[in-house]
Every structure is written in C-alpha cells, then in structure tokens.
Amino acid sequence: MKSAIFGVALFGVAMSVSAAEKAAPTAAARFGGPIAKAESPSFRRHVVPLASKLGCSGRECHGSFQGRGDFRLSLFGYDFEKDHKAITADKDHRVRVDLEHPEKSLFIQKPTKQVAHKGGRRYDDGSWEHNVFLKWIKEGAKLDVEETGEFDRLEITPKEIVFTKPGETVKLKVLAYWKDGTVEDVTQLTRFRTNDDSVVEASEDGVVKILGKGDSHIVAFYDNGVLPVPVMLPMGPQNGAKYPKVATRTKVDELIVQKLRKAGILPADLCSDVDFLRRASLDITGTLPTPDEIKQFLADPKTDKRTRKIDELLGRPAYAAWWATKLSDYTGNNPAQLRANNLGNAQNSFGRQWYDWLNTRVAKNMPYDKIIEGIVLASTRSKPDQTFEEMCAEMAGYFREKDPVNFADRENMPWFWTRQNLRMAEEKAMAFAYSFLGVRIQCAQCHKHPFDQWTQQDFQQFQAFFEPIRYAQQVRKEDGDFSFTKLTAKIREEAGINPKATTNQQNLIQTATTKRLKAGEPVPWQEVYVQVAPQRKLTEREIEQIKKRNPNFGGRVITPKLLGGTEVVANEFPDPRQPLMKWLKDAKNPYFARAFVNRTWASYFGRGMVEPADDQNLANPPSNAELMDYLSDGFVKSGYDMKWLHRQILNSDAYQRSWKTNPTNQHDEKNFSHQLIRRLPAEVVADAISLATASSDKMVEFANNMEARAVGAQGLGYSQPGQRRTGSSYMLNIFGKPQRETNCDCERTSDPTLLQTLYTRNDPEMLTRLESAGRDNGSWIADMRRNINSKTVAAKKPEEIIEEVFLRTVSRFPTAAEMALAKEDLAAAKDVVEGARDLLWAMLNTREFMVNH
C-alpha cells in the first residue's frame, strides 16, 4: 500500500500489525522521566544494544581487539556473557558496577564524564539512556539471556522510501520481535548505516534524509537483526505513472524496468548487431568473432539470429573451457597450492585434472549442484570400500605416461581439499563459504560479523563440520599389509636409498617415486578422507594440545551448525559433509543458488546484483531483489541447469542494450539500464591478441583449439610473484589473472596499469605474436610479407586491408573518418605490409580493443 506524506512515497506503511504493536512505546517513553517510574531494563534487550548504539562496543572503543583502559567488550555486543563479566568485574579495585552505590559505578560515571573518559560524554545525567544503565545496576545488574529467550526478527516501517526532492526526511520505526511473543519499539536502540553517503544519510534516531539523486539502502542493526531499507530519489521526472512505455520481452526485462520506472531511469537502446556479436562471443566463449563470422552474422536477415547465435556459442568447446576456468577461479584451482606428496611436479597434473574434470561437466551441461557435490563429497578413494592398494593402482592409471586413464571420468574430484591453504578446519570453512555460498565469514572468526548475523560461535559451529576432513596418510585395518609406510620402504629399497635419508636422499625418493608413477606403478598416496572421532570427553592434555593450535578453544566438543540453519548431530552422518551438501541443495538455501546466479550475472554485466559478487550479507542486499529471487528460484527449478541461466540473461534486452547512455542513466551502474564498458579478462586479452594476429587460415583452428587457448588449458600456467617471468604467464599476471590463493573474487583485477601499456606497445613477446611466421597459429603479417610479390597481396585494395584489421581487432567495419585516416597511413608506409603491420599494432593498442562494450 502507498501513502503520500509531504510528497514522499512511503511503501509498506500500512501493515497488518496489531494495535499493541502499533502502540509500542519508544525507549525514551519507557525509560525517561523519574527513574523510579521507568520500566525495568533488560541486559540483553536494552543495556547491550544501547552500549553498542552509543559506540561503547564499537571497533574504535572498547569493542576493539585490545579494548580500551583494560576494559574490553565484544564487538557490537554479540557475546552477552563475556560482556556481562567485563562490565561487572572488579578490575584492580576499580568498580565498574557498584551494587551498593550504583551512582558511583564507573559504568555510569565514565559516559556522563563525572570522571575522566577519553570517549567523551555519551549521554546526559538524568536522560533515558542514563536511566537504562542506572536502573539495571540498581536492580542487581543481572544477566538475563535465558529469561529473554531468542531474538526472532526486525520489522521496519516504511519498508521502502521514494523521495521527490533533495532534503526531504522520513523517520523510520523499528520493531523487534522475540520468540516469546514480545514486540518492542527499538528505534532508539538501533544502529543505522547508509550504504551510500552521497545519496542518503540517517540520524541516530532513524531520521532518513535524502541528499541527492540515486538509490541506496539504510541498514538497521539491533541484537542479531540486520535489515536494509531501500531508499531512492528518482533520476528524472519520468517516473511512476509518468514513465514512458518500455517493451519488456522477457521476465528479466520486466523486473529491471519495474525498478527503472521507480527510479526514473530510461534504459539505453538495444546495441547494434556487431556490438552484440562481439560482446556475446567474448562473454560466453572468451573468443573474438572472426571476420568471416562477423560478415555472415550481419548478412543474416532473420529476426531470431541473436537467439540462435547464443545457442551456437553455448555449444562451442570454448564455452566449456572459459566457464571451467571461471569455476576454477571460484574453487581455488592453483597448482602451486596443491600438495603433491613426493611426486615432483605432479601438482601441475593435479591442477590440469581439476580443470579437465570441470570442463567435461560444463561441456555436458551437468547440473551445477551435481558438479559441486562431486567436489564437496570427494575423497581420494573413489569408493568407500576401496582398499589402499586398489586406490594406489587407480591413481597410477591417471598419471602414467602411456595411455593414461581419463581423470575427468571420475565421479568426484578431491583436489579441492588438498590445497596448502586449507590445512586448518577454519581455512576449510572460509573457503567453503566463499566458493559455494558467496559469503565472506572470516570476520566472524574473531568477532561478530559487522554486516551480518554471524557471531564467533556461529563460525565455530560451522567450522566443526570441517574438523574431521583430513589430507594425510590413512591407516585402515582392511588395507592389510599394503600400506603407505611399507610401500614407501619398498621404493627406498629399490632405489638403494638409506632409510635415514638426508635432504639430498629425499630428492632421490622423489625421483624414484615419480619414475614409478610415470610407469604406471603404485606409489604411496596421502588421502582426502574423513576421520570420524569418537564422541567422548577430552582429556586435559588433549585440551592443552588443541589450545596451542587454537587459543580460543573452550575445552568442549562443538556441535556443528549450518549457517543460519539448525544444529546437526554428527553421529547421524558418516561424513559431516553430507548434511552440508544436503543443505546446499535445499531449495530454501539462501546462498547456494544465489551465489552462482550472482557471479554469472556479474560476468555478463561487470557487476553483480550483489556487489562485490562474493559478498552476500544482510547489509549488502541485491540492487534488484525481485530479479535475484526470480533467477535464483528459476535456476533451482530448472534442476540447476547452467545453460538455462545463461539463456535467461543473454536473451534479455538488458544484456543486449547499448553502452551508450542518456541523461537519466549516464551515472547508473547498478540498475542495468545500459551495458558497462568492461576491460577484458587476462586470458581473453591473451587469446584476442593471438587471434587478431593469426594467419587467416589458422584463425578458426586456433579459436577451437582449447589446448592452445589461454581461456583453456594454457591458462593454468603460473609465474608466482618474485619469480623470473616465463612467457605468457607474465602477460596473464600483469593483466590481472588471479593467483587463486585467497577467498576473494577481487583477486581477478581489471584495472589498467603501465605494465600493460608497455607490454602491448613494445614487449618482445607481443612483437613476436604480431609478425613471427614461426608461431603455431601463424601470423597474418608474416604471411603478407612472404607473399608480398604475389598477385593475392598486390591485388588487395587499401580499403580491404583496413577493413580486415578493424574486423580482426574491434569486430566492426571502420567509419568513413577512420577509413580516410588509415588510408593516409597506408599510403605513407614503406610498403603495404609495413602499413598493415603498423595499423594492426595501433588497433591492438586502442582502448576499444581492450574492452567489451
């Protein structure tokens, strides 16, 4: 329902709430006035939120890691027992809470500045805030967490605000609902934050003031509740009922235009056919369209040619290769991080096997949930009853030089769990949340997440799922005499290695092991497996040992708990990853499907509906919640069909809009009213240079050869920071290819740098690509030079050469002005080949070549 107050459109004001809820008094009304008449405050519901609101438990004050003045509170007040103990402690005879003389408590005197306080005055003596703290102490300073019960949810009115001019204000009302049925007005106990202080701000009392045109959110924080409120000031007068009619061919367009109508933003026109072809080819397959492909597409008169081209691109090997590379990004496929267990350079094989396993499944359009299930539940033993001997024989088959078994045919892929940066359970928990949930939970490892509901206890309970997952030697009775230790001893004996090996002899062990592996003979393998620990009370010695590794360990076995979900009885599952995977596949899971949908959307638009694309949290809502819901629900209902998702996005007008803006959308970057100009990813740049410079008869062959493509197998090469540059790995690094070492999509960068400019202008590798005839995919310039005296080259008109260069690089024909300038340059060159070479070099160095538009 909509009501107008002072010209401001308020959505969600008239809600189905009870009379008691509507009449819920404010904190000032409940606790203000004479203290004797004030209500009795609750430690959890009032004291802790008020201390957080006043900044006492903020990161700049007592909520910091080291606290202030020997007084430390949990950040934002999430640990009630810890905070109660800190507040009521008698520290060095300084009484923070004096039950006999409450007014003399430091907890009262410091914030009113009756005694020195570096934090300054936080409230006035006699104020309602003063009454909350003082009356709580007078009534015994009780910890009442059990009595108050569980927090349920927040509700805010209005639910959405659309302003009509800068400077307008609206006051929010925040209601807290508790599981025991209690409803309170907690507006004055709530912290407010703006997501864009250039658009909107909020006062401490929840008064929202619009500052300029645009849309953002005001986020409310109370107890464990985090709730955003959309706020906007339309960009132009054509909004709401005044908005012009805009065609919406698809549901995606309908939901985007619905938001644009409210925001007063007019969408850009559809892009040209040449822009569409270049954009879709680069986005879907990481590949430039060839000149012949461009000409054929432009000549096609049928109205459905864009839809048909999308389907064709989704069927190409380059689609599977490029999206397997993206999945490798998300899951952390870095060969240098894989632990190879005395197998020399086998970690490179691990990385390739990981990539091939993904590529095979993307090519088959295997459901996304099945792909992830094959990673999450993977163990080195392909079957639960497989013996160590059988496992070693199977693994030897994958690594033998002659006729190796195809690793991609395995049902699961265990290398995710073998990464060096996933040794500890907390590292596994953070990597799992990042890769499969698009959630950054690392903050909750030490304190309450500043922008979400996760507490340190939530993190520890989630981490508990990963405690039993091991990558080590596994000893099982059923393996008999064929064991890791005995097989290692056998290799030592065969190689004549002293059992008490020195470092040099360890190299001999590695050499001998690698030799056996290449021959297809069994070698000892460390394994990914689940070590089921007996449920028993830990001894003091065990607790002491654990605390050496984890100082925060509380000496108790922690019950695993799903993020935002329920506790799981570990004994009911032989593998704790099973309930995790079941939770991921649940249609109501709030993260799994949305994470992939959002990352896919970001790949096509340059930013996600949630941005950053890997940072889903309550304080970072999607810019178009209805669109996110539609695509995520549809993705699940489609059976996690990745091509369904691609087609939904690619066939929309939103994806096919021009990058050229109008006055209403020129500053819009989050409502998808036009395409953003995007720098090409590193692997795509590398392949685009190779393709643009390739000889004419090799272009199509190179485009389809995934072994030679950087978006494919060649992209697995790494040159680590600090190492000597090695060929194309250097180029990929300077153009922002991620090392896949951290849990952040931000590892892949698109920022322009001086090194990139130097590379494309005069790097020897670049010049070799431009004109070396010895390249695998040839060189267009070298071919011209070799045939300069032939009729083929001599007969070429300058216009034909110029058109060829433009089609090879920027995937379009030159304008009349560009043609005229290029003809002048060709005429001034020593010969036609030099002219063509200089023009091709110049176009490779244009911004237009380096971006997708």
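Descending by average beta-carbon neighbour count within 10 Å, the peptides 797-806, 367-376, 751-760 line up as 367-376, 797-806, 751-760, the highest first. Among the listed pairs Lys262/Lys309; Lys159/Lys245; Lys370/Lys588, a Cα-Cα separation exceeding 24 Å is found for Lys262/Lys309; Lys159/Lys245.
For Lys53, the lysines whose Cα falls under 21 Å of its own Cα, not counting residues fewer than eight places away in the same chain, are Lys82, Lys85, Lys110, Lys113, Lys118, Lys135, Lys142, Lys171, Lys173, Lys209, Lys448.
Considering segment 90-231 at the alpha-carbon level, its Rg and Dmax are found to be 18.7, 58 Å.
Report, in listed order, any pair from Lys295/Lys326; Lys305/Lys660; Lys637/Lys670; Lys428/Lys585; Lys383/Lys518; Lys213/Lys242 with a Cα-Cα distance greater than 21 Å. As for pairs spanning more than 21 Å Cα to Cα, those are Lys295/Lys326; Lys305/Lys660; Lys637/Lys670; Lys383/Lys518. Diagonalising the gyration tensor over the Cα atoms of the chain and scaling each eigenvalue by 5 before taking the square root yields semi-axes of 53, 41, 23 Å, largest first. Scoring 434-440, 167-173 by mean Cβ neighbours within 10 Å over their residues and listing the highest first yields 434-440, 167-173. The fraction of accessible area contributed by carbon and sulfur in segment 810-853 is 60 percent, rounded to a whole number (1.4 Å probe; ligands and nucleic acids excluded). With a Cα-only, solvent-free Debye model of segment 345-482, what are the log10 I(q)/I(0) values at q = 0.11, 0.18, 0.20, 0.22 Å⁻¹? The computed values of log10 I(q)/I(0) come out as -0.51, -1.12, -1.26, -1.38.
Fraction of C-alpha pairs exceeding 26 angstrom in segment 554-695: 43 percent, rounded to a whole number.
How far is helix 346-363 tilted off the main Cα axis of the chain, in degrees rounded to 10, range 0 to 90? Value to nearest ten degrees: 90.
Each other residue within a Cβ distance under 14 Å of Thr190 adds +1 if Lys or Arg and -1 if Asp or Glu, for a net charge of 0. Each Lys or Arg adds one and each Asp or Glu takes one away; over the other residues whose Cβ falls under 11 Å from the Cβ of Pro814, this sums to -2.
Three semi-axes describe the equivalent ellipsoid of segment 268-416; taken as square roots of 5 times the Cα gyration tensor eigenvalues and ordered largest first, they are 40, 15, 14 Å.
For segment 464-477, putting each phi into the Karplus relation 6.51 cos²θ - 1.76 cosθ + 1.60 with θ = phi - 60° gives couplings of 4, 4, 9, 4, x, 7, 10, 10, 6, 6, 10, 10, 10, 4 Hz, in residue order, rounded to whole numbers and with x for Gly and Pro. When N is the residue count of segment 653-714, what does its C-alpha Rg come to as a fraction of 2.2 N^0.38 Å? Cα Rg divided by the expected 2.2 N^0.38 Å: 1.57. Rolling a 1.4 Å probe over the heavy atoms of the protein chains gives the chain an accessible area of 45 Å² per residue. With only Cα atoms counted, segment 117-195 has Rg and Dmax values of 16.9, 50 Å. Put simply, when 70-79, 737-746 are sorted by average Cβ atoms within 10 angstrom per residue, most first, you get 70-79, 737-746. Size descriptor for segment 346-405, Kirkwood hydrodynamic radius: 13.0 Å (Cα pairs only, one decimal). Computed from backbone phi, the HN-Hα couplings of segment 96-102 come to 6, 10, 10, 5, 7, 10, x Hz, rounded to whole numbers (Karplus: 6.51 cos²θ - 1.76 cosθ + 1.60, θ = phi - 60°; Gly and Pro given as x).
Using a Debye calculation, one point per C-alpha and no hydration shell, please list log10 I(q)/I(0) for segment 72-158 at q = 0.12, 0.13, 0.14, 0.20 Å⁻¹ in order. Treating every Cα as an identical point scatterer, log10 I(q)/I(0) equals -0.43, -0.50, -0.58, -1.07.
The values are calculated or read from the model by the stated rules, or taken from the named source; none is laboratory data. Since the structure is predicted, the reported quantities are computational estimates derived from the model, not experimental observations. Because the Cβ atoms are built from the backbone with ideal geometry, glycine has one as well, and the counts that use them run over all protein chains shown. To get the accessible areas, we keep the full protein, side chains included, count just its heavy atoms, and leave off ligands, DNA and RNA. Shrake-Rupley method; radii C 1.70, N 1.55, O 1.52, S 1.80 Å.
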